[in-house]
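> One structure, pasted below without further comment.
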Amino acid sequence: MKTLVIFFSHAGDNYSVGNIEVGNTKIVADYISEITGAKQFEIVTHKYDGMAYGSLIKLAQEETRKGELPEYEGDVDLSGYDTVFIGGPIWWGTYPQVMFTFFKKHASDLKGKTVIPFTTHEGSGLASTVQDVKKAFPGAAVKDGFSIYGHDVRTGKAKVEKWLKGLGW
Ligand SMILES: Cc1cc2nc3c(=O)[nH]c(=O)nc-3n(C[C@H](O)[C@H](O)[C@H](O)COP(=O)(O)O)c2cc1C
């Protein structure tokens, strides 16, 4: 089984955990790779580099409201994978808009494949991500998602292990 972790994560000013060098979701993505051996594709944009939390919150709200699709760097060929984890922070009730840019580009690439959503958040859990992933990838087998508080990830490896064990890893 070939497995990939696709994720977005924002390092820098973070309200709950201070100014972080590695984003919360990246830490979870790294746990997943360590445990399952999955390769990674990180959705990267420099649009938010160095932004203060308050400004980012406002910008992200606008992007979500308008359904903007910011560009990301590089890309990945999904044809060789049969299981794909998709993870990101919750921004305004769902994944950051740049992830939807990725979803749109790859909408037909996950037919017949297993998709496993996960999030980091500060209270919203999975919010609407599982429904949004189902909508974005018609024909994919989307499993129940996993969510973890961003401020818990650094001490939360055991939770990730338990979740993955439940999925057969
Ligand atoms: C722009 C923005 C919007 C956010 N909106 C929500 C939200 O609606 N619900 C929630 O629980 N957390 C929200 N958060 C908190 C993040 O989901 C949380 O800090 C997450 O762990 C960040 O992950 P990252 O470090 O991988 O980017 C928001 C954070 C930002 C920066």
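Since every read-out is calculated from the coordinates, none of them should be taken as a lab result. Remember, predicted model here, so these are calculated numbers, not experimental data. Cβ atoms come from the backbone with ideal geometry, glycine included; neighbour counts cover every protein chain shown.
> Under a GNM of the chain (C-alpha, springs under 10 Å), which listed residue has the highest mean-square fluctuation: ALA29, ALA52, ALA136?
Largest GNM mean-square fluctuation: ALA52.
> Same structure again: Within straight cross-link reach of LYS165, meaning Cα distance under 30 Å, which lysines are found once same-chain residues fewer than 8 apart are removed?
Output for LYS165: LYS2, LYS26, LYS39, LYS111, LYS113, LYS134, LYS135, LYS143, LYS157.
> 222 nm [θ] for the chain, helices only, -39500 (n - 2.57) per DSSP H run of 4+, per residue, to 500? All intermediate terms of the calculation are to be shown ahead of the outcome.
Details: 5 runs with 54 residues, N = 169.
That comes out to -9500 deg cm²/dmol.
> Take every DSSP beta bridge whose two residues both sit in the chain, then give the antiparallel share in percent to the nearest 5. Provide the component values of the computation, followed by the final result.
Values: 4 of 26 bridges.
Of the beta bridges lying entirely in the chain, close to 15 percent run antiparallel.
> If you don't mind, another one. Would you look at the GNM of the chain, springs on alpha carbons closer than 10 Å, and say which of ILE32, ILE86, ILE57 moves the most?
In the Gaussian network model the winner is ILE57.
> Based only on other Cβ atoms within 10 Å, what is the fewest-to-most ordering of ILE116, ILE20?
Working: ILE116 23, ILE20 18.
In increasing order of surrounding Cβ atoms, one gets ILE20, ILE116.
> What does the C-alpha gyration tensor say about the overall shape of the range 102-146? Classify as rounded when a/c is under 1.5, otherwise prolate if a/b is larger than b/c, or oblate. Walk me through the numbers before you get to the answer.
Working: a/c = 2.66, a/b = 1.86, b/c = 1.43.
Prolate, since a/c reaches 1.5 and a/b exceeds b/c.
> So what J values fall out for the range 71-88 if you push phi through Karplus, 6.51 cos²θ - 1.76 cosθ + 1.60 with θ = phi - 60°, rounded to Hz, Gly and Pro as x?
Taking θ as phi minus 60°, the curve returns 6, 10, 8, x, 6, 9, 8, 8, 5, x, 10, 10, 10, 10, 7, 10, x, x Hz for the range 71-88.
> Give the order of TRP91, TRP169 when sorted by the count of other beta carbons within 10 angstrom, beginning with the fewest. Show your work: numbers first, answer last.
Working: TRP91 23, TRP169 14.
Fewest-to-most ranking of TRP91, TRP169: TRP169, TRP91.
> Pop a pseudo-label 7 angstrom from the Cα along the beta-carbon direction at both LYS39 and LYS162 and give the gap in nm to one decimal.
It is 3.3 nm.
> Springs between alpha-carbon pairs under 10 angstrom, Gaussian network model over the chain: which of GLU42, GLU21, GLU71 fluctuates most?
Answer for the Gaussian network model of the chain: GLU21.
> Compare the Cα positions of VAL153, GLY125, VAL115 along the charge dipole of the range 84-157 (+1 at Cβ of Lys, Arg; -1 at Cβ of Asp, Glu; about the Cα centre) and return the one farthest towards the positive end.
VAL115
> By counting other Cβ atoms within 10 Å of each Cβ, how are MET99, MET1 ranked from fewest to most?
On the way: MET99 26, MET1 11.
Result, fewest neighbours first: MET1, MET99.
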